[in-house]
Each structure stands twice: as C-alpha cells, then as structure tokens.
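Here the structure is laid out as structure tokens; the discussion comes afterwards.
The values are calculated or read from the model by the stated rules, or taken from the named source; none is laboratory data. The shown structure was predicted, so the numbers you read here are calculated from the model rather than taken from an experiment. Neighbour counts run over all protein chains shown; Cβ positions are idealised from the backbone, glycine included.
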Amino acid sequence: MTQRLDAATQVGASNANKGVSSGARKRRTSWTPAWVPYAQAAPLALVFFLFFVLPLVATFVVSFWNYTEYSIEPAFVLSNYQDVFYGCFSGSSGLCTTFATYLSTLKFVAIVWAVTLFIGFTVAYFLAFHIRTLPMQIALFMVCTIPFWTSNVIRMISWIPLLGRNGLVNETLASIGLVDAPIEWLLYSDFAVALALVHLYTLFMVVPIFNSMMRIDRALIEAAYDAGASGWQTLTNVIIPLVKPGILIGSIFVVTIVTGDYLTIGIMGGQQIASVGKTIQTQINFLQFPIAAANAIVLLAVVLLTIWGMLRLVDIRKEL
C-alpha cells in the first residue's frame with residue numbers, strides 16, 4: 001500500500017512538473033513576438049544578399065551582354081557561352097581549349113585533394129589521438145596555423161629561392177654529387193604548382209578532420225580493441241566512418257578554392273600553365289567582362305556539380 005502511494009505521489013509530481021514546464025513554455029512563447037527570429041537573422045541575411053547573391057546575379061546578367069573592343073552593351077545574347085565552348089562540339093579530333101583548360105585545372109584539383117587529404121588526416125590523427133594534453137594540442141595546432149600569418153604571395157615566393165635553377169635544393173644536390181646539372185622541373189612546372197597549392201591549403205583539410213576526430217567517443221575505440229580489432233581495422237571500421245563529415249567539409253574547401261585559384265598557378269607555373277581561373281583573370285584584364293562572366297558561371301556550375309556529387313556520397317546533415 002505504501003509503495004502504491006509513493007508511486008502515485010511521484011506520478012502526480014511528474015505531471016505537476018510537466019504542467020508547470022508546459023505553462024512556462026506557453027508564457028515564454030506568448031511573450032515572444034513572431035518577428036523576433038526574422039529580426040535576428042536579418043543582419044546576416046542582408047550581408048549574404050549584398051555580398052553573395054547580388055554579385056552572383058550581376059555576373060549572370062552580364063554574361064548575356066554584348067561587347068566589342070571599345071564598349072559593353074546591355075543585351076541578351078548567347079554568343080558569350082558559344083565562345084566559351086567554341087570548337088568543343090564540332091567533332092574535330094583533340095580537345096577544345098575550354099575542355100583542355102578544365103582538364104588541366106581538374107588535374108591539379110585531384111592531386112592537391114589527394115595529398116592534402118593524406119597529410120591532413122595524418123596530422124589530425126596525431127594531434128587527436130597521440131597528444132594527450134589539451135595545452136599541447138593547442139600549441140601544436142597553432143604551429144600549423146603559423147604559415148597563415150603571412151599572405152599567400154609571400155608563401156609562394158618563398159619557394160622560388162629553394163626550387164630555382166640556382167636555388168638551395170639544386171645547389172645542395174650538386175654539392176653532394178647527386179646531380180650534374182640543375183633540375184629544371186622543380187620550378188615553373190606542374191610540380192611547383194602542386195607543391196605550392198598543397199602548402200597553401202593543407203590546413204583547410206586539417207581543421208575539419210581534427211574537429212571530427214575530437215568528437216569521437218574514446219570508448220568506441222577501446223571497445224574495438226577489446227573486441228580484438230587491430231589498429232588498421234579500428235582505423236578503417238571505426239575512425240574513418242566517424243570522420244567522414246570532416247573529410248567531406250575539408251574536401252569541399254580544398255576543391256572549391258583550388259578550382260578557382262589563378263594566382264598560384266600563374267606565379268609557380270611561370271605564366272605557362274592553363275587554368276580556368278587564369279583564363280577568367282586574363283579576360284578581365286582585357287576588359288572582356290561578358291565572356292569572363294560567362295566563364296565564371298560555367299565554372300560555378302562545375303563547382304556546384306562537384307559539391308553535389310560529394311554530398312551524394314555523405315549525408316552531412318545526418319552525420320552531424
């Protein structure tokens with residue numbers, strides 16, 4: 001009998017608490033005007049509209065304008081997009097200029113993505129699982145960010161005294177007798193471009209992967225070892241599946257940035273390597289804004305298609 005009374009008392013108290021909490025929620029809801037959430041989101045929405053949506057719409061509109069050597073005329077013509085893909089569907093042998101340029105750009109995207117993923121995952125794994133103390137993790141993470149304290153141009157130019165024909169690397173190799181003549185492909189080549197891009201954008205892969213690894217429950221890893229899993233099995237069956245959101249976010253950062261990069265390819269490639277960003281920059285320099293805008297829209301479509309493909313592989317909303 002006493003147990004029944006105690007149970008009834010607990011149920012009554014629980015119902016009372018639920019009633020109080022629901023009443024408090026109703027009072028808070030009734031006192032909150034409907035426009036408050038919109039007012040809170042308005043500043044960010046305004047910034048997003050002014051600095052992203054509006055320029056994008058303007059670029060799309062200008063891509064249909066007509067231009068001559070001396071003027072730009074508001075119009076609605078498709079000649080700019082026809083010029084972008086000129087010769088691509090004529091059936092002639094060989095790649096057209098646009099496809100060849102995109103192929104060159106995507107080659108660097110694939111190389112840089114693979115290398116930054118390997119380096120970023122390795123560095124993040126070391127910081128997350130081999131460094132036990134938080135102060136040391138923060139200190140080593142700050143070391144990774146030190147290159148970002150200088151501009152991209154300075155970091156790129158710093159490779160020239162190292163990789164040049166009379167640079168430190170060639171002089172060192174010659175002094176120890178490994179080469180008889182300077183190695184020409186170290187600078188102003190595909191190798192130099194890929195090296196500089198990896199140097200510039202590896203941190204964009206380290207940060208999201210490290211963040212995902214720090215959120216992994218260490219009990220899952222201990223349970224895998226207790227179940228007899230090896231280190232490789234734990235890595236492939238536990239850690240990598242749980243780090244997929246970080247890998248996806250880092251991949252989106254690296255792919256989108258490298259796809260539109262023209263400064264690194266121009267400097268480290270000696271202005272001799274084609275890329276989509278370099279093409280757009282050249283057209284802007286010659287004041288050919290409509291065709292540059294058309295190229296930019298096509299590039300945006302390619303980037304969005306690539307991101308869509310990545311998001312199809314990982315449902316980031318479910319994973320997060």
| message | Take the conditions assigned by TED's automatic domain parsing to the domain that holds residue 235, modelled with pLDDT of 90 or more and either exposed (fewer than 11 other Cβ atoms within 10 Å of the Cβ) or in contact with a helix residue (DSSP H, G or I) (Cβ under 9 Å, 6 or more places away or on another chain) (or both) and apply them to residue 120. Does it pass? | response | yes
| message | So for region 81-102 (the condition being within 24 Å of the chain's Cα centre (by Cα) and more than 30 Å from residue 289 (Cα to Cα)), does at least one residue qualify? | response | no
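Can you confirm whether residue 191 is surrounded by 15 or more Cβ atoms within 10 Å (Cβ to Cβ), closer than 20 Å to residue 262 by Cβ, free of Cβ contacts under 8 Å to residues at least 40 places away in the same chain and assigned by TED's automatic domain parsing to the domain that holds residue 237? So that I can check it myself, show each step before the final result.
On the way: surrounded by 15 or more Cβ atoms within 10 Å (Cβ to Cβ): yes; closer than 20 Å to residue 262 by Cβ: yes; free of Cβ contacts under 8 Å to residues at least 40 places away in the same chain: yes; assigned by TED's automatic domain parsing to the domain that holds residue 237: yes.
For residue 191, the condition - surrounded by 15 or more Cβ atoms within 10 Å (Cβ to Cβ), closer than 20 Å to residue 262 by Cβ, free of Cβ contacts under 8 Å to residues at least 40 places away in the same chain and assigned by TED's automatic domain parsing to the domain that holds residue 237 - is met.
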| field | Inter-residue pairs, beta-carbon under 7 Å, first assigned by TED's automatic domain parsing to the domain that holds residue 162 and in contact (Cβ under 8 Å) with a residue 24 or more places away in the chain and in region 247-270, second in a loop (DSSP other than H, G, I, E, B) and of a type in the set (S, T, N, Q), 6+ apart | value | 265/275
| task | Would you mind stating whether residue 230 is modelled with pLDDT of 90 or more and either aliphatic (A, V, I, L, M) or at negative phi (or both)? | result | no
| Within the bounds of region 207-226, is there any residue that is loosely packed, with under 14 Cβ neighbours inside 10 Å, modelled with pLDDT under 90 and under 28 Å from residue 111 (Cβ atoms)? | no
| request: Return a yes/no flag: does region 36-48 have any residue that is at pLDDT 80 or above and under 30 Å from residue 279 (Cα atoms). | output: yes
| query | Which residue pairs have Cβ atoms closer than 8 Å, lie 6 or more positions apart in sequence or on different chains, and pair a first residue in region 33-60 that is surrounded by 10 or more Cβ atoms within 10 Å (Cβ to Cβ) with a second residue that is of a type outside the set (Gly, Ala, Ser)? | reply | 56/300; 59/297; 60/297
| Does residue 105 count as within 22 Å of residue 213 (Cα to Cα) and at pLDDT 90 or above? | no
| query | Tally time: how many residues in region 280-300 are under 27 Å from residue 158 (Cβ atoms) and crowded, with 22+ Cβ neighbours inside 10 Å? | reply | 0
| Within region 123-137, considering residues that are hydrophobic (A, V, I, L, M, F, W, C) and more than 30 Å from residue 157 (Cβ to Cβ), the one surrounded by the most Cβ atoms within 10 Å (Cβ to Cβ) | 128
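Going residue by residue through region 174-189, is there one that turns out to be of a type in the set (Gly, Ala, Ser), assigned to a helix (DSSP H, G or I) and in contact with a Leu (Cβ under 7 Å, 6 or more places away or on another chain)?
No, there is no match, as no residue in region 174-189 is of a type in the set (Gly, Ala, Ser), assigned to a helix (DSSP H, G or I) and in contact with a Leu (Cβ under 7 Å, 6 or more places away or on another chain).
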| query | Based on what the data block shows, is residue 174 farther than 22 Å from residue 112 by Cα, surrounded by 13 or more Cβ atoms within 10 Å (Cβ to Cβ) and in the same structural domain as residue 151 (by TED's automatic domain parsing)? | reply | yes
